[in-house]
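This report refers to the structure that appears directly beneath it.
Each reported figure results from applying straightforward, stated rules to the coordinates on display, with no laboratory input. Computed from a predicted model, the values in this text were never measured in an experiment. Ideal geometry is used to build each Cβ from the backbone, glycine not excepted, and the neighbour counts take in all protein chains shown.
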Amino acid sequence: MHISEGVLAAPVLLSGAVLSLGGLALGFRRVRGEDTPRAAILAAVFFVASLIHVNVGPSSTHLVLSGVIGLMMGWAAFPVIFFGLSLQGVLFGFGGVSTLGVNTFTMAAPAVLFGLLFRPGVNGKSLPRASVSGFLCGSLPILASAVLVGAALRLTGEAFLPSAKAVVLMNLPVVLIEGFVTMFCVQFLRKVRPELLEDYALNSGKDYRVPI
């Protein structure tokens with residue numbers, strides 16, 4: 001859901017930058033030196049998942065996996081997504097530098113919100129409840145991100161209203177796909193590394209390498 005360069009109005013760009021800076025400040029406080037490999041791996045996963053995209057007017061639709069990142073990183077999802085978007089913008093021209101703040105906020109804020117909201121359900125004893133929580137944690141961030149992208153386009157001007165609607169509609173299939181992908185990730189991690197789904201701050205400093 002990258003918004004391209006030269007589309008958004010200056011006030012929208014500035015607002016997105018300020019909001020993202022706030023999220024990044026909170027996120028960087030949650031990433032300690034020993035946790036950098038974990039954050040780097042998730043940034044790489046986000047980078048690769050977002051490479052295959054379909055253009056929708058001034059935006060695009062693609063896999064994001066923001067729900068997984070929000071569950072595993074909490075507020076640290078902001079720097080993870082920020083670095084992924086930065087690399088995509090510099091290396092491939094997806095999004096851009098001026099829209100980096102807006103693109104970061106529209107993807108990272110829902111990831112943090114729903115990751116924190118559904119973490120108790122994901123870590124509960126009931127597998128059906130954990131599965132439903134995982135599905136919602138994967139699908140709702142995508143829907144919320146699409147709505148935020150549409151809102152950013154609409155705030156730029158009336159002419160972008162059709163594009164804003166198209167962004168939301170085109171991402172509805174992605175909402176379902178991300179929901180199922182996140183649900184399967186939750187089921188897998190509950191079996192092999194359940195601590196990765198717990199409160200990130202409580203687990204900070206642990207060894208997250210998967211035994212071979």
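Structural remarks
- Among 133, 86, a tally of other beta-carbon atoms within 10 Å of each Cβ gives an order, fewest to most, of 86, 133.
- Local net charge near residue 79, Cβ-Cβ under 14 Å (Lys/Arg +1, Asp/Glu -1): +3
- Likely footprinting exposure, 73, 170, 183, 107, fewest C-beta neighbours within 10 Å first: 170, 183, 73, 107
- Dividing the summed helix terms, -39500 (n - 2.57) for each DSSP H run of n ≥ 4, by the number of residues in the chain produces a 222 nm estimate of -23000 deg cm²/dmol to the nearest 500.
- For the chain, the dipole from Cβ point charges (+1 on Lys and Arg, -1 on Asp and Glu) about the Cα centre works out to 500 debye, to the nearest 20.
- Taking each residue as 0.36 nm, the span from residue 10 to residue 87 lengthens on full extension beyond its C-alpha to C-alpha distance by 25.4 nm.
- Whole-number Å³ per residue for the convex hull built on Cα positions in the stretch 87-138: 81 Å³
- Segment residue 176-residue 48, length gained on full extension (0.36 nm per residue, minus Cα span): 44.2 nm
- Rg ratio (alpha-carbon, reference 2.2 N^0.38 Å) - the stretch 1-158: 1.01
- Sorted by Cβ neighbour density within 10 Å, fewest at the top, the residues 137, 185: 185, 137
- Near-label residues of the stretch 139-182 by backbone N, under 11 Å of a point 7 Å along Cα→Cβ of residue 26: none
- Stretch gain in nm, segment residue 188-residue 159, where the contour uses 0.36 nm per residue and the Cα spacing is subtracted: 6.0 nm
- Of the GluC sites (Glu not before Pro) found in the stretch 129-205, none is in coil by DSSP with at most 12 other Cβ atoms within 10 Å of its Cβ.
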